[in-house]
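Structure first, commentary second.
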Amino acid sequence: MLNKKAGQGAAMPPKRRFRGRWILYAAAAGRLRPSFSSWPFEGRVGMRRPWDRHHRRQAPWWQPTRGSPLGIGSKDAPVVLIEWADARCPYCALFTQETLPTLLKDYVDSGKVRFEFRDVAMFGEQSVSAGTGIRAAAAQEPFHAYLTTLYGAAEGHEHPDLPREKLIEFARTAGVPDMDRFEADLGSEALRQAVLASTTDARRLGVTGVPLFLAGDRVLSGAQPVEVFKQVLDEALQAAETK
């Protein structure tokens, strides 16, 4: 599904949609009530109760992990930009190719923002395998290089074919130091289950299309223009300074 004005993104099959709308919630922390309507959207998350530290601890699916290897930037950054994405999503690739480099240069490299990636395996077993590959690369630290290489190979608006051979080729291109370990980890059931668990967590939050982003209390859907991300991050940084 595409909306040029609001942003670009890939949605799950209709049977996984709920009346074409997003439902974001964290069960243990109380309901999140989005202030937006249908997909794609830009909105602000509201809570029935204050979104304080106690409730953040009760919502592990929603809060930044900061220590995750699937991240770029300082763990102490005042703002965390979270992306929910599928390795086979063409609009996730568009964000990584065209927008993420600017955000890394202007916000992450300076320590103001940390970027975190969350798996959402929406498009079949190859999405799960590719997510496993991302985690296998991250276990040896070149997460950013692998993610850039994987998405850099995407072309057009179709879901790319990502067999095991391509995932291994991406690892070599990204400079993963121990290829034997990478290939072993690519078959790791523990890493595969981690991808599936991340996908389950995303569905509990109501994620039905990717890419989806969260910065502070602002939610963005789709491959929005870089100016939109800058505005949201600037507002999140300003809000963080007042806390």
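Below are the figures for this structure:
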item: Selected residue (only one of Ala215, Ala223, Ala236 is touching a Cys at 6+ places or on another chain (Cβ under 9 Å), at pLDDT 90 or above and over 21 Å from Thr132 (Cα atoms)); result: Ala223
item: Residues of segment 195-212 satisfying the condition of being in contact with a Ser or Thr (Cβ under 8 Å, 6 or more places away or on another chain) and either surrounded by fewer than 23 Cβ atoms within 10 Å (Cβ to Cβ) or among the small types (Gly, Ala, Ser) (or both); result: Val195, Gly209
item: Lone unmet requirement of (1) modelled with pLDDT under 95; (2) among the charged types (D, E, K, R); (3) surrounded by 15 or more Cβ atoms within 10 Å (Cβ to Cβ) for Lys75; result: (3)
item: Residues (in a loop (DSSP other than H, G, I, E, B) and buried (at least 19 other Cβ atoms within 10 Å of the Cβ)) located in segment 94-144; result: Val120, Ala121, Met122, Phe123, Gln140
item: Any chance Val80 is in a helix (DSSP H, G or I), surrounded by fewer than 23 Cβ atoms within 10 Å (Cβ to Cβ) and of a type in the set (A, V, I, L, M); result: no
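The values are calculated or read from the model by the stated rules, or taken from the named source; none is laboratory data. Just so we're clear, the structure is a prediction, and the values are computed from it rather than from any experiment. So basically every Cβ, Gly included, is an ideal-geometry build from the backbone, and we count neighbours across all protein chains shown.
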